[in-house]
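Asks: I have a structure here, written as structure tokens, and I will follow up with some questions on it.
The values are calculated or read from the model by the stated rules, or taken from the named source; none is laboratory data. Predicted model only: the values in this text are computed from it and were never measured. For neighbour counting, all protein chains shown are included, and Cβ atoms are generated from backbone atoms with ideal geometry for every residue, glycine included.
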């Protein structure tokens, strides 16, 4: 059972809509992540937060806007998306940043996003 | 960017047989992890092996790491139908905050 909770599980949105994906963990982890995964592909890192501050942005388009309101929550705000942005969006967390060797990353079940 | 490359891309075996998947990577790593993903679900952490370790066991799983060849293998013994999933290796690069996933192996256990 995952201890990273993502909502909603499924989201269909138009290209002009504004929506948000939410992620919550109560493991006391200080690092949180957003990954994007297309069908039959590996997850691709989008953003890394450490101690509520953005640590890594993997050159993600500005139509994706992450937010970390507190140490337990991570949001991904979506605006003016394109159909090719349709994918599974995975949130994850770890005790600390992975450079401190041995940190396991715990994943949520993901949010399926369809852009029409 | 992609670091790990799994081999084979797809594998079908009979229930009860052993399944072996390989992962090769390009640059120095702190550790290597294996994850499982059931279709359309999140990833589940299986095992982590550090760069100074050569072999690690967890239940029916055995992972080896050869840093000289930049490769790792995951062996699942006595496979079960529930092992049907995609398996990814993930590498943590030195002095980096990223975990990068390989392309994955899709394992199908036949009844």
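Residue-by-condition table, conditions (1) within 20 Å of residue B:35 (Cβ to Cβ); (2) under 14 Å from the mean Cα position of the chain (by Cα); (3) at pLDDT 90 or above:
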site	(1), (2), (3)
A:35	yes, yes, yes
A:39	yes, no, yes
A:54	no, yes, yes
A:76	no, yes, yes
A:90	yes, yes, yes
A:93	yes, yes, yes
A:108	yes, yes, yes
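Asks: Test of understanding: among B:10, B:19, which residue is within 14 Å of another protein chain (Cβ to nearest Cβ) and over 26 Å from residue A:33 (Cα atoms)?
Replies: B:10
Asks: If you don't mind, there's one more thing I want to ask. Taking the conditions exactly as written (in contact (Cβ under 8 Å) with a residue 40 or more places away in the chain, surrounded by 20 or more Cβ atoms within 10 Å (Cβ to Cβ), within 17 Å of residue A:106 (Cβ to Cβ) and away from chain B (no Cβ under 14 Å)), does residue A:74 satisfy them or not?
Replies: Against the criterion (in contact (Cβ under 8 Å) with a residue 40 or more places away in the chain, surrounded by 20 or more Cβ atoms within 10 Å (Cβ to Cβ), within 17 Å of residue A:106 (Cβ to Cβ) and away from chain B (no Cβ under 14 Å)), residue A:74 qualifies.
Asks: Give A:56, A:105 a once-over and let me know the one that is without any contact (Cβ under 8 Å) to a residue 24 or more places away in the chain and within 11 Å of chain B (Cβ to nearest Cβ).
Replies: Only one candidate qualifies: A:56.
Asks: Testing residue B:2 on (1) within 10 Å of chain A (Cβ to nearest Cβ); (2) at pLDDT 90 or above; (3) out of contact with any strand residue (DSSP E or B) (no Cβ under 6 Å at 6 or more places or on another chain), one condition comes back false. Which one is that?
Replies: Result: residue B:2 passes all but (2).
Asks: Look at the range A:1-31 and say how many of its residues are part of a strand (DSSP E or B) and within 12 Å of chain B (Cβ to nearest Cβ).
Replies: 6
Asks: Of all residues in the range A:33-47 being surrounded by 22 or more Cβ atoms within 10 Å (Cβ to Cβ) and assigned to a loop (DSSP other than H, G, I, E, B), which is nearest to the other protein chains (Cβ to nearest Cβ)?
Replies: Ranking the qualifying residues of the range A:33-47, first place goes to A:42.
Asks: For the range B:51-61, which residues satisfy the criterion of being more than 18 Å from residue B:88 (Cβ to Cβ) and not in a loop (DSSP other than H, G, I, E, B)?
Replies: B:55, B:57
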